[in-house]
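S.K.: What follows is a structure written as structure tokens; I'll ask about it next.
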Amino acid sequence: MAELVFFSGTMDCGKSTLALQMDHNHRARQRVGQIFTKLDRMGESVLSSRLGLSTQAHEVTDELDFWDVVVEHLTHGQRVDYLICDEAQFYTGAQIEQLARVVDELGIDVNCFGITADFRTELFPGAKRLFELADRVQVLQVAALCWCGERATHNARIIDGVMVVEGEQVVVGDTATATESLVEYEVLCRRHYMRRMNSHAARKASVTPDVLPFDLDVCPVPPRA
Ligand SMILES: [Zn+2]
């Protein structure tokens with residue numbers, strides 16, 4: 001039976017590397033797939049991993065209809081055995097429903113890769129719909145690490161070195177915005193996420209992993225706005 005699977009994790013946990021490896025494994029068995037991604041850090045229509053591998057991919061826009069794309073391939077006599085969908089957190093709920101239909105009615109395996117929650121700890125729309133519809137959700141086991149060495153579970157947005165918890169949901173990292181601010185992302189453990197202590201703030205406060213857990217006095221949980 002074909003399946004809709006969601007491979008989820010934080011940033012830096014190797015999702016795109018696994019997506020590329022999975023594609024390679026299928027190809028080695030003469031299976032034919034289609035690769036999709038959205039807002040990859042290397043630019044449009046590329047699926048890239050931090051380890052330096054990359055491949056061509058379809059760029060997903062809000063208007064793209066997965067059902068139409070796959071049916072188009074099939075009506076042109078092309079084989080489609082599986083889909084690999086990276087950055088699936090950015091897809092719309094409707095697109096996740098199209099993917100479920102591709103699984104159910106065309107018997108094609110759909111493997112989605114993505115992070116679950118944004119820098120405010122709120123679920124991305126695509127991730128939310130995948131949790132609701134996927135046959136399986138697999139949490140990736142390559143743990144990303146917080147600067148303190150603990151397992152990182154949260155994605156923090158850093159603007160000019162300072163962690164923020166408000167703003168637009170989607171801003172691609174490593175970019176200077178119109179106001180010339182540098183937007184970056186950093187994975188943190190929950191404790192340091194809640195205390196808004198990213199690595200830059202920790203360096204400034206001279207907190208080192210050696211003095212944990214005393215750093216909690218240095219960075220109390222900020223009051224809710
Ligand atoms: Zn930490």
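S.K.: Just give me the residues in the range 191-224 being near the ligand (Cβ under 10 Å from one of its atoms), open to solvent by 30 Å² or more (accessible area, probe 1.4 Å) and modelled with pLDDT under 65, in sequence order.
M.R.: Once the filter is applied, which keeps residues that are near the ligand (Cβ under 10 Å from one of its atoms), open to solvent by 30 Å² or more (accessible area, probe 1.4 Å) and modelled with pLDDT under 65, the range 191-224 yields PRO209, LEU212.
S.K.: Assuming GLN30 fulfils every condition listed in (1) open to solvent by 20 Å² or more (accessible area, probe 1.4 Å); (2) outside any loop (DSSP other than H, G, I, E, B) apart from one, which condition is it?
M.R.: Result: GLN30 passes all but (2).
S.K.: Next up: Would you please list the contacts, defined by Cβ atoms under 7 Å and residues six or more apart or on different chains, that run from a residue in the range 66-90 that is farther than 23 Å from LEU18 by Cα to a residue that is surrounded by 13 or more Cβ atoms within 10 Å (Cβ to Cβ) and of a type in the set (Lys, Arg)?
M.R.: Pairs found: TRP67/ARG101.
S.K.: Restricting to the range 136-146, count the residues that are of a type outside the set (S, T, N, Q) and either open to solvent by 90 Å² or more (accessible area, probe 1.4 Å) or within 16 Å of the ligand (Cβ to nearest atom) (or both). Steps first, please.
M.R.: At the first step, the residues of the range 136-146 found to be of a type outside the set (S, T, N, Q) are 136-137, 139-140, 142-146.
So of that shortlist, the ones also either open to solvent by 90 Å² or more (accessible area, probe 1.4 Å) or within 16 Å of the ligand (Cβ to nearest atom) (or both) come out as 136, 142-146.
Final tally of qualifying residues: 6.
S.K.: Name, by its number, the condition in (1) crowded, with 22+ Cβ neighbours inside 10 Å; (2) at pLDDT 95 or above that does not hold for LEU133.
M.R.: (1)
S.K.: Tell me which of these CYS13 doesn't satisfy, since it passes every other one: (1) assigned to a loop (DSSP other than H, G, I, E, B); (2) open to solvent by 10 Å² or more (accessible area, probe 1.4 Å); (3) of a type outside the set (Phe, Trp, Tyr); (4) within 30 Å of TYR193 (Cβ to Cβ).
M.R.: So the condition that CYS13 fails would be (2).
S.K.: Output the residues belonging to the range 147-171 that are within 16 Å of the ligand (Cβ to nearest atom), aliphatic (A, V, I, L, M) and without any contact (Cβ under 8 Å) to a residue 60 or more places away in the chain.
M.R.: Within the range 147-171, ALA156, ILE158, MET163 meet the criteria.
S.K.: Let me ask something else about it. Specify which of the listed residues (GLY149, GLY126) is of a type outside the set (Val, Ile, Thr) and either open to solvent by less than 20 Å² (accessible area, probe 1.4 Å) or closer than 18 Å to PHE7 by Cα (or both).
M.R.: Every option except GLY126 fails the conditions.
S.K.: List the strands (runs of 3 or more DSSP E) inside the range 38-90, counting only whole elements, that have at least 3 residues being hydrophobic (A, V, I, L, M, F, W, C), open to solvent by less than 30 Å² (accessible area, probe 1.4 Å) and in contact with a Phe, Trp or Tyr (Cβ under 9 Å, 6 or more places away or on another chain).
M.R.: Those strands (runs of 3 or more DSSP E) span 82-85.
The values are calculated or read from the model by the stated rules, or taken from the named source; none is laboratory data. Model, not experiment: these values are computed from the prediction. We place every Cβ from the backbone using ideal geometry, glycine too, and count neighbours over all the protein chains shown. Just so you know, the surface numbers come from the protein's heavy atoms only, side chains and all, with ligands and any DNA or RNA stripped out. Shrake-Rupley method; radii C 1.70, N 1.55, O 1.52, S 1.80 Å.
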